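The next block holds one structure in the form of structure tokens; read it before the comments.
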Amino acid sequence: MKLVKFRRLRGMARQHGSLRPVFAACCAAAVTAMGAVHALPAAAKPAIAQFGEPKYPPGFTHFDYADPSAPKNGELNFQNYDQSQSYDSLNPFIVRGLPAPDIRNLMFDTLMQRSWDELASEYPLLADDVDVAPDGRSAMFHINPAARFSNGDPVTAADVKYSLDTLKSQQASPMLSSQFAVIKSATVIDRLTVRFDFNDSGRGSPLIAGDLPVFSPKWGLLPGGKHVPFDQLATVPPIASGPYLVEPRKNDKQVTYRRRSGYWAANLPSRAGAFNFKRITFRLYLDQYTKLEAFKAANDDVDVEYSATQWARKYIGKNFNSGLLAKGLFPDGPAQMQGFMVNTRKDKFKDPRVRQALGLAFDYDWMNRMMFYGQYVRLNSFFQDSPFGATGMPNEKELALLEPFRKELPPEVFGPMTQQPNTLPPNSLRGNLRKARELLAEAGWHYRDGALRDANGTPMTIEIMDDEPGFDRLLIPYTQALQTLGIDAHMREIDSALYQKRLDSFQFDMTTYIYPPVTIPGVELQRRFGSKAAGEVGSENYPGIESPAVDALVHAALSATTLDDLEAATRALDRVLINENYVVPQYYMPNARIGYKTTLGYPKTIPESYLYEDWIIQYWYRKQQGVQNVSAAAPANTAQ
């Protein structure tokens, strides 16, 4: 059974510090005197952190999880990045189309680079230093004079301003405009210096500015000086500053990237030991079974596995026996929130008792025992395995944030953190369904004439939308349980392009989605849970949450000036989101499951939070012939 669907957020996640991730927390800035209007001018720094000081001092040579001596040769043949089955766009910043696999990560450098082993710190990339104003309301970035676009042009402050203005415009995805909404404007100070003015003095604003991907104004420029409108710029190869170029496309099932000759940032500390393959090819298969067989035949180099059954039973064969292929578990960081998104824009889901009943019908314990080989863990939080998730009773700070909304919130918010229903003895699915039927009756839904109906006699129907073969193994038992309640529940499997279109326009009842984890929460909270985002096509607020309490808690998180305040806000938010039942939480796997050719190597140190695929693409390498992998962090290949 697959675990996640990173495709929808993939390009953004890494930029915000996330995941396991990435993928991605979007807050930050190392400013100790926020609000001190009359403080002395701040000195420019090569790195910034949200809390305390950056881990890596000036003059560091590489991140701990990078191997600067890794060979820079060979090719990497990858499979369905983000579970994508096809793509039709070379622009990862617009709503239109599905972007080519990992194009944002491979072709677009950002002003600064987030590290994968800290809460929120950034180091030089396009910018070689940053000067944050004492009051925190602006920051100046100086562009590295060596920075070059793929066409050879130098990167300038004007290019940075152009990129920001474009991504904040209506021609870009609303996720981008939301991400950079904290930036009021960009001003060109001189050829290599740009100043960002922020809407407030939030500590995260300078790091959000550092996450800005930069591209050339010449991208989409036509003879005669006219531009292709950015929201229609889907098939023209980007002119960007990243390490790779895209080769001419053969079809929508395969794409190859070629490392730029003389990539300008190759020797920067933030790039040392990264992007070690000369060419990276993604082959997109229509289903996970074909994908696995291609890997087992050694046609592809690596396979990140999201199916518990396949991992436990099918990673066998002659190439495993010969030692050409191996399988291993790799330690993971904060968990994602994956679950059935309940679209509260639909009238039938507006009553929270209905949503609670839907959660009672999901028998995770049976699935994990009978289908998943015990490999997964149930999710009970939007910030699972993170200091930002709620546990136990709310503390004084959490209660102070929640108290103004006591009348409109479920009473459970103010008690012990809610645990998801289970079917372990003495509990049972039958007992849970009995409770679900009672809740539905309280909400006005009664079983009569062979169906669950409202007061007008309208039967409840639920279509669970999905786009990947194989996920029906989870959906069918769930729909059967819903049918036991009298709900006309059924699954609908559609192709990935149509799925994305319907997801962007919120044309669904329920669907499985993942919110990639973040190392430190930030502006992605607005995109995911804010009332404004509920009405924005292409936003991540798939449940359609419109709650003054949620908006206030998101604002408290974004306004936090200490780590303690941020934790109080996110924990209070977690309690509200869980108890309002906007999502039926599913499960997560505590380790990355990766099959790989033993001709590939990886660094000794594994990041604390990372996207599995991006870690492979950025830091693995093709071993020199006859050299064994010396990683001390590698797990046993017999993991089940």
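Overview of results
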| item | result |
| --- | --- |
| Cβ-placed point charges (K, R +1; D, E -1), dipole of the chain about Cα centre in debye, nearest 20 | 1520 |
| Cα centroid separation - region 91-140 against region 43-69, whole Å | 15 |
| Convex hull volume of region 319-365 per residue (C-alpha atoms, cubic angstrom) | 175 |
| Cross-link pairs beyond the 19 Å C-alpha cut-off, checked among Lys72/Lys218; Lys168/Lys501; Lys161/Lys218; Lys291/Lys314; Lys253/Lys318 | Lys72/Lys218; Lys168/Lys501; Lys253/Lys318 |
| Cα-based equivalent ellipsoid of region 337-588: semi-axis lengths in Å, sorted from largest, via gyration tensor | 29, 20, 19 |
| Ser89 long-range amide H proximity, modeled H, under 5 Å | Leu98, Ala100 |
| Nearest-0.05 FRET efficiency for Lys397 and Glu75, computed from C-beta distance (R0 60 Å) | 0.70 |
| Dipole of the chain, positive end: most advanced residue of Pro421, Met510, Tyr289 [Cβ charges, Cα centre] | Tyr289 |
| Distance-filtered residues of region 87-101 - backbone nitrogen under 19 Å, label point 7 angstrom along Leu286 Cα→Cβ | 87-88 |
| Asp472-Thr605 FRET efficiency (beta carbon distance; Förster radius 35 Å; 0.05 resolution) | 0.35 |
| Check: region 337-588 dipole with +1 on Lys, Arg Cβ and -1 on Asp, Glu Cβ, in debye | 620 |
| Cα centroid separation - region 246-297 against region 353-423, whole Å | 39 |
| Compactness of region 199-275, expressed as Rg and Dmax over alpha-carbon positions, Å | 16.4, 48 |
| Net charge of Cβ neighbours under 12 Å - reference Pro543; Lys, Arg +1; Asp, Glu -1 | +1 |
| Overall form of region 325-435 per C-alpha gyration tensor (a/c, 1.5; a/b vs b/c) | oblate |
| Size of charge dipole - region 474-523 - debye, nearest 20, with Cβ of Lys, Arg +1 and Asp, Glu -1, no other charges | 80 |
| Rounded Å value of the spacing that divides the Cα centres of region 203-241 and region 497-520 | 25 |
| FRET efficiency for Lys407 and Met370, using Cβ-Cβ distance with R0 set to 60 Å, rounded to 0.05 | 0.90 |
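Since every read-out is calculated from the coordinates, none of them should be taken as a lab result. These numbers were taken from a predicted model, which means no experiment stands behind them. Virtual Cβ from ideal backbone geometry, glycine too; neighbours counted across all protein chains shown.
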